[in-house]
Structures are given as C-alpha cells and as structure tokens.
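Taking it in order: structure first as structure tokens, then the write-up.
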Amino acid sequence: MVYKIFMVIIMNTKELMEAEDKYFVNTFTRQPIILDHGDGLKVWDTEGNEYLDFFAGIAVNCLGHKNPKLILEITKQAEKLIHISNIYYNEPAIEFAEKLVNKTCLDKIFYTNSGAESNEGAIKLALKYTGKSEIISTSNSFHGRTLLTVTATGQEKYKEPYAKNLPQGIIEVPYNDIDAIKEAVSDETAAIIVEPIQGEGGVNIPDDDYLPEIEKLCKEKGIVFILDEVQTGFGRCGPLFAHEIFGVKPDIMSVAKGIGGGVPMGAFLATEEVSKGFVPGDHGTTFGGGPLVCAAANATFDIIMDEDLLKNSIDMGTYLLIKLVELMDNHEVIKEVRGAGLLVGMELNKDGGEYVDLMREKGFLINCTAGNVLRFAPPLIVSKEEIDLLVKALDEVL
Ligand SMILES: *Cc1c(COP(=O)(O)O)cnc(C)c1O
C-alpha cells in the first residue's frame, strides 16, 4: 500500500497520462493537462501552469472553484451523514425541494444523479402520464448518453453505433421549426422535449415565438411539454431558468449541471398534475437526492441568490457578447456571435479545435462544440477584468 502511494507521488504528468491510457475505457479525447487545484476562475495544472477557466467543467462550476461557503456546507454535511438512500426522509433534500419549487412554475421534484438520468425520468413520466408512445425531439439537440436519451439526442454520431438497439417511438424534427413539430404530432404523441437554448449543438437560440408556439400546441393537444434545462439552468443564461426568457411554462423540466456547484446531481421537476403519472414503484434511484449533494445544492442556490449571480450572469454575459462582436471587425474567421447570459458561442468559418489548443497555451480554458463553435461558459462569478483578458488573448490567437 505504502509502495503504491509512493508510486503515484513520483509519477510525472506524462506517466500519469500513460497510466490512464492503460486503465481507462477509451471514451474521452482529453486536453493534455492534469488540473490539480483552483480558486475562483483560476485553475492550476500539475506543472504549475495557471489558467482562467471559461468553461467551468462543461457549464457546471457556477460558483467557480474553492468557494468557501460551499466547501463549509459540504464538510458540515459529510460530518453528519453522506448517504441514507430514499428509504428514509432527508432534511437537506426537503429543504432544497421547497427552495427550488418556490422559484419555478413547477410543483414537484424527483432527484437524479446526472442530466441523462433527469431526461430519462422526465420522458418516462410523460409516457406513463399520457399512456402514449411517441416523443418528438429536435435536430442538433443533446439529451444524454443512455439508450433512451441518446435516441432523443438529435446527433447521428452519438447513436449510430447502437442503431439496432435504440428505443422505438422517438421522432426527430428540425430545431426551431414549429411547422415540423405540428406535422410530426399524432394521436400517440406523449411529449415534446426541447432545449430552450441548445448548448452542445452550438449555442443555438430559437426564434422568440418557437417555445411559446410549442407550449400552445402542447396545451391544445394534451401533450407534455418537456424542457431540458440541464445546461441552461441555474443562471447560466441569465434568469434562474432559460425558459423565463421566452415567457413559457413547461410541464416537466430537467436540470443538472450547475445545480450543486460541481457535485454530481440532477433532478426533474413537474407540475402537480403531470407528476401524478408516477405512483410508488414506478421509478427510483439509490443515490438521487442524497444529503451530501443536497447540502451542496442548498449552499449553491443560496450563494447564487445572495450574491446576485443571476444579475452578474446577464451583465457579464452581455459584456462578453459585445466584446466578442467587436472582434468581428478584425477577424473574418468569425461568422457569428450569439448567447444568453454566460452561455456564449462564437461560430467560426472553420474548425475551432486548434483555437482551443492555442488559447490553452495562453492560459485560457475554452471549448469548441459542433465542430466550429467556440463555447464560453465561465463560472457565474466571472469579472470584467477576466473577460478583458480572455478577449485580448482571443484577439491575438484569431
Ligand atoms: C450535459 C447535458 C445533458 C447530459 O447530462 P449528463 O450529466 O452528462 O448526463 C443533457 N442535456 C443537456 C442539455 C446537456 O447539456
């Protein structure tokens, strides 16, 4: 045992990376750094290099790194109880449910451990509630990696390897096309699942009337309106949830990513009426809504509210957007800049991968999605000064 610990300590960065190749199932293409610790927007790798984190662990770390209040609440809860299962009542989970429900248009919550699990449960609830069999989803969407959610994901590359085993009844239509949805609706339509703003698909923002039209159609036809707010929720796009921007109310909403400031957690929320689709035994989870993650969610939620981070998301998001638009004057490679709050995309006329590498070498962590869209999703605490540094580096790199 001592020998093993010693081995890990003396491994250098390159050896650690080789060890991963040896032991891990090969699913991720990683950036060639090992992140070791962080503070606010800053993170450091094992070689001592410093970075400004403009991707926040895929739009997760909404409070940045090393938030003292979050650490304190997680530590306090760990000293009391870490896990008890859903066989027993659990105070932090009840506290968070009350807090969250009171800030949304929905009435009931079911806790999960990830975005995919939230969507999986949301779809199951809609199927059970309506007793129908079809789900309409949209092109370029991303809903997760389980067989059901990858089927609902409108990106061929993720589901093609499993083509023979994908669940039935999911119909894909183009995003931001209400007529396509109307054509796809049938007597068997249980639900329409859509992201209010597509994240993974390239930060795609629908027309103002798209979501209201879906809501109206769902009401008319008795279809469950599911919004996937896994990426857009908890202030990422400005308001607590992105659907508030469009003035709509979903019947079910799935959440995850930012919910607990970095701990693995998710949930779906439903209206009182739709929630009746499930009765005891219909759905479940061992870990979902455990006391540890709910303590983190309570702390994260309180910090977002107390420190006005929703306002900072709007203010800094607008500032970033304006600064990126200014770059368009000097760089023809930029095709379009778009975003809401601190979910911002810069579409290029070419593949964006090389810019992610060049920015990292300059000390900035960003992402490229959908091939040619640079995606920025910094912690909600980001400052003007940090944005200025990012934009200056981008200007040089582009
Ligand atoms: C990330 C994401 C998911 C999947 O979340 P996991 O936690 O990776 O399962 C689902 N929907 C959207 C919109 C996402 O951004």
For this session: Give the residue, chosen from Ser186, Ser133, that is under 27 Å from Gly281 (Cβ atoms), touching a residue at least 24 places away in the same chain (Cβ under 8 Å) and surrounded by fewer than 18 Cβ atoms within 10 Å (Cβ to Cβ).
Result: Ser133
Seminar exercise, completed: Residue set Thr146, Thr153; condition touching a helix residue (DSSP H, G or I) at 6+ places or on another chain (Cβ under 8 Å), open to solvent by 30 Å² or more (accessible area, probe 1.4 Å) and near the ligand (Cβ under 10 Å from one of its atoms); output residue Thr146
Problem set entry | Any chance Glu200 is acidic (Asp, Glu), within 16 Å of the ligand (Cβ to nearest atom) and either open to solvent by 50 Å² or more (accessible area, probe 1.4 Å) or at pLDDT 95 or above (or both) | yes
Exercise. Name the pairs: first residue in segment 216-234 and of a type in the set (Ser, Thr, Tyr), second residue part of a loop (DSSP other than H, G, I, E, B), Cβ to Cβ under 9 Å, at least 6 apart or on different chains?
Worked result: Thr232/Glu195; Thr232/Pro196; Thr232/Ile197; Thr232/Gly199; Thr232/Phe241; Thr232/Ala242; Thr232/Gly341
Exercise. Is it the case that segment 91-114 has a residue that's within 16 Å of the ligand (Cβ to nearest atom) and of a type in the set (Gly, Ala, Ser)?
Worked result: yes
For this session: Name the one entry in Ala78, Ala56 that is modelled with pLDDT of 95 or more and over 23 Å from the mean Cα position of the chain (by Cα).
Result: Ala78
Problem set entry | Breaking point among (1) under 25 Å from Cys105 (Cα atoms); (2) of a type in the set (S, T, N, Q); (3) open to solvent by less than 30 Å² (accessible area, probe 1.4 Å), for Asn176 | (3)
Problem set entry | Matching residues, segment 47-68, being among the aromatic types (Phe, Trp, Tyr), more than 16 Å from the ligand (Cβ to nearest atom) and not in a strand (DSSP E or B) | Phe54
For this session: Please indicate, with yes or no, whether at least one residue in segment 170-182 is within 14 Å of the ligand (Cβ to nearest atom), in contact with a Pro (Cβ under 9 Å, 6 or more places away or on another chain) and of a type in the set (Gly, Ala, Ser).
Result: no
Exercise. Any residue in segment 158-177 that is polar (S, T, N, Q) and either in contact with a Leu (Cβ under 8 Å, 6 or more places away or on another chain) or modelled with pLDDT under 95 (or both)?
Worked result: yes
Problem set entry | Some residue of segment 80-89 being open to solvent by 80 Å² or more (accessible area, probe 1.4 Å), under 28 Å from Gly290 (Cα atoms) and hydroxyl-bearing (Ser, Thr, Tyr) | yes
Exercise. In segment 301-327, how many are under 16 Å from Pro378 (Cβ atoms) and either surrounded by fewer than 16 Cβ atoms within 10 Å (Cβ to Cβ) or among the acidic types (Asp, Glu) (or both)?
Worked result: 4
For this session: State the number of residues belonging to segment 243-300 that are within 16 Å of the ligand (Cβ to nearest atom), β-branched (Val, Ile, Thr), open to solvent by 30 Å² or more (accessible area, probe 1.4 Å) and farther than 16 Å from His83 by Cα.
Result: 1
Seminar exercise, completed: When Ala191 is run through (1) open to solvent by less than 30 Å² (accessible area, probe 1.4 Å); (2) closer than 19 Å to Val344 by Cα, the failure sits at (2)
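The values are calculated or read from the model by the stated rules, or taken from the named source; none is laboratory data. This structure is a prediction, so every number in the text was calculated from the model and none was measured. Using ideal geometry, Cβ is built from the backbone for each residue, glycine included, and neighbour counts are taken over all protein chains shown. Heavy atoms of the whole protein, side chains included, go into the accessibility calculation; ligands, DNA and RNA do not. Shrake-Rupley method; radii C 1.70, N 1.55, O 1.52, S 1.80 Å.
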